[in-house]
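Written below as C-alpha cells is the structure these notes are about.
The values are calculated or read from the model by the stated rules, or taken from the named source; none is laboratory data. On a predicted model such as this, the values are computed, not experimentally measured, just so you know. Cβ: placed from backbone, ideal geometry, glycine included. Neighbour counts: every protein chain shown.
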Amino acid sequence: STERSLNFIEQIIEEDISAGLHDGRVLTRFPPEPNGYLHLGHAKSICLNFGLAQRYGGQTNLRFDDTNPVTEDTEYVDSIKADVRWLGFEWAEERYASDYFEQLYNFAETLIQKGLAYVDESTAQEIAAMKGSPTVPGQNSPYRDRSVEENLSLFRQMRAGTFPDGAKVLRAKIDMASPNMHFRDPIIYRIKHAHHHRTGDTWCIYPMYDFAHGQSDAIEQITHSVCTLEFIPHRPLYEWFIEQLAIFPSKQYEFARLNLTYTVMSKRKLKKLVEGGFVTGWDDPRMPTLAGIRRRGYTADSLREFCERIGVAKRDNLIDVGLLEFCIREELNRTTDRVMAVVDDKPIKLVLTNYPEGKEETLHIENNPEDETAGTREVPFGRKVYVERDDFMEVPSKKYFRLAPGKMVRLKGAYIVQCDEVIKDETGEVTELHCTYIPESKSGQDTSGLNVKGTIHWVSVAHAVPAEVRLYDRLFAVENPAVEEKEMESDDDNAFLSLLNPTSLVTVKALVEPNLADRAVGSRVQFMRKGYFTVDADSTPGHLVFNRTVTLKDAWAK
Ligand code: ATP
Ligand code: MG
Ligand code: MG
C-alpha cells in the first residue's frame, strides 16, 4: 500500500531528488548472474529495484552480470527474462556486463597508466599468504613496483593469451595495510581460457566482480545501485574505482537479503538439488525458485504482496514461510472456485439405498461464497458417491461429526444422509457404506427440520474423473537449514542434503468433479476442506495432475 512509511532507500532517494542530484533522475538495475534460476530472494530484489524506479518515475535496467564464463549459460538468461516479466516488470534496457569487456579492459589500462594497478605473478597461495589478516597488515608483493611500461606490456600479453590460467593476475595498487581487506591490492583481472556464453573465445582474461560491477553501474549511469548487506565492505572499493577512473558516480546501498524458513536460497545449493535428482528440476514445485513457486500455483500478485509486506530491512533476518503462504491463501480465498475432490487412494463408496436406481440430478453449487459474481456450477449427483475414508469412523470419538454408524451428515450441496450399514471386504476393510438419504433435506430447499453438525464433500461415482494429486510440503525438515548446516561442522559440501524433508511430496489418487476435467494448466481451484490446488504442467486430458499450492489453514502454526 502507498500509506506505509518510507523505507530507508526511499528516504535516500527522496533526499537525492530534493537535492537535485542527477536532475532527479532515478535509474536502478537488477543484476543477476545467469548461473541459475531466479529464486524468492531475487524476487525481493526485483520488486525493490523496479518498485523504486516506478515510484520515482524512473527506470530499471536488466543487467546480466556475466563475467564468469564457466558457470553461465543462455538457458539461465532466458529463464531470468521470463521470470522478471512474469513478476510483472519490464526493464528499460537489457544489458550484459560482457558487453563492457572492452571498456572494462580500457579502465584497467587507465589504472595501470596512473600507477594504480600491476601485474602480479605470485601464486594464489603466495598472494593469500601476503594478504595478512584484519589485525595483521599484509606484505607488498615483490611485483608491486613494476614500471607502468612493464605492467602494460604484461597485461596486453595476458589479454593476447600468452600465459596459462593462473599464471598472472592484475591487481589494483591500493594499500596492503588497510583495515579493509578489500583494499589490500584486490585482484581485478584473472586469466581464464574459457568459452564465454556470449563473447565466445574473444577473451581469456576476465574482470573480477569488484572491477566489473561498479564500473558497469557507471557505464549505464545507474543512480542507485542496490545490493545485499554482504557488499558493505566492498563499497569503499566500489567508490575508489569510480573516483580513480573519474566515471559516473553511481552509489551503492545495501539491504538485508531475504532468508526464508524451511528452504535454502543459494543457487549453488539449489543446483545441487537439481543435479542430484532430489527434486525434478529447477521448476519442481517445492523449489523456492520463481519457476517452482509458479508451478506450485503461486501468483505474481501474491509474491509482490509478500515482498511488500516483508519490507526492506537493514539487518539480516529470517522470514517465516507462513507469511508467504498467508499471501497466496488470502488471494486464492478471494479468487478460486470451491470444488469437490475426494483425495484418497482408497475412497469409500456410499450407496444411497432409498435413492432410485438410475436416477441422476444436477445440483447447482455456489462457486465462491467470497465472491457473489462467481456464480454457480452444475454438479451431478446420483445413487452412489465417493467420500474420503477419513470422513468415516466406525467407532466415532466424542467430537466426531462426520459419518459413523447410525449418524447423519450433510453431503455438501446435496442431501443429509444417514449411515445404516457398514460393508467390509474379507480383510475387514470398509468398502461401502449403505445409507438412506432424506429427500426433503436438499440444500437450498431443506424442509426436513433436521440439524446436522457435519458437512462432507463427495463425488458422484458415475461421473468421477480420476486424477493424481501432488501434496507438497516444505522442502526442508528444519526451520533454518543454513544454521543447522553450520552446526553439523561437516566438511562435506552436501551435508545440507540430510536436512531435506523426506515427505515434501506425497502423491495421492483422487476422484474429482467432472467439470475439472478440462481446466487449463495453471488454473487454480480450492478443493473444499483440502486446500488450494493448481493444474500441473504434467496434466493431460487423460491424466489430470493437481499440485497442492497451500493448505486451507496453516497446519504448521504453533
Ligand atoms: P545466490 O547466492 O543465490 O547465488 P547471488 O547474489 O549470487 O545469489 P545474483 O544473481 O548475483 O545471485 O543476484 C542478483 C541480485 O539479486 C543481486 O543484486 C543480489 O543481491 C540479489 N539477491 C540475491 N539473493 C537475494 C536474496 N536472498 N535476497 C535479496 N536479494 C537477493
Ligand atoms: Mg552475485
Ligand atoms: Mg551466488
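For first residues located in region 31-50 and in a strand (DSSP E or B), partners that are more than 8 Å from ligand 1 (Cβ to nearest atom) and of a type outside the set (V, I, T) and lie 6+ apart or on another chain with Cβ distances below 8 Å form the pairs H39/M287; H39/P288; H39/L290.
In region 72-161, counting only helices (runs of 4 or more DSSP H) that sit wholly within it, the ones holding 3 or more residues that are of a type in the set (S, T, Y) and in the same structural domain as L52 (by TED's automatic domain parsing) span 74-86. Residues that are outside any helix (DSSP H, G or I) and in contact (Cβ under 8 Å) with a residue 60 or more places away in the chain within region 300-314 comprise G311, V312, K314, listed in sequence order. Exactly one residue among H434, H463 is in contact (Cβ under 8 Å) with a residue 40 or more places away in the chain, of a type outside the set (A, V, I, L, M, F, W, C), out of contact with any Phe, Trp or Tyr (no Cβ under 8 Å at 6 or more places or on another chain) and not in a strand (DSSP E or B), and that residue is H463.
If you go through region 94-136 and keep only what is surrounded by 15 or more Cβ atoms within 10 Å (Cβ to Cβ), under 20 Å from P179 (Cα atoms) and not β-branched (V, I, T), you end up with L116, A117, M130, K131, G132. Within region 164-185, being surrounded by 21 or more Cβ atoms within 10 Å (Cβ to Cβ) and closer than 17 Å to I205 by Cβ holds for K168, V169, L170, R171, A172. The set of residues in region 289-315 being of a type in the set (K, R), buried (at least 19 other Cβ atoms within 10 Å of the Cβ) and in contact with a strand residue (DSSP E or B) (Cβ under 8 Å, 6 or more places away or on another chain) consists of R295, R296. Residue-level check: of (1) surrounded by 22 or more Cβ atoms within 10 Å (Cβ to Cβ); (2) within 16 Å of ligand 3 (Cβ to nearest atom), R286 misses just (2).
Restricting region 51-72 to residues that are more than 27 Å from R309 (Cα to Cα) and within 13 Å of ligand 1 (Cβ to nearest atom) leaves a set whose member that is surrounded by the fewest Cβ atoms within 10 Å (Cβ to Cβ) is T71.
Filtering region 255-264 to residues that are crowded, with 19+ Cβ neighbours inside 10 Å and either assigned to a loop (DSSP other than H, G, I, E, B) or within 16 Å of ligand 2 (Cβ to nearest atom) (or both) leaves F255, L258, Y262, T263, V264.
Scanning region 7-43 for residues that are within 15 Å of ligand 3 (Cβ to nearest atom) and surrounded by 20 or more Cβ atoms within 10 Å (Cβ to Cβ) yields F30, P31, P32, P34, G36, Y37, L38, H39, L40, H42.
Out of all the residues in region 236-244, is one or more over 12 Å from the mean Cα position of the chain (by Cα) and within 16 Å of ligand 1 (Cβ to nearest atom)? Yes, region 236-244 contains a residue that is over 12 Å from the mean Cα position of the chain (by Cα) and within 16 Å of ligand 1 (Cβ to nearest atom).
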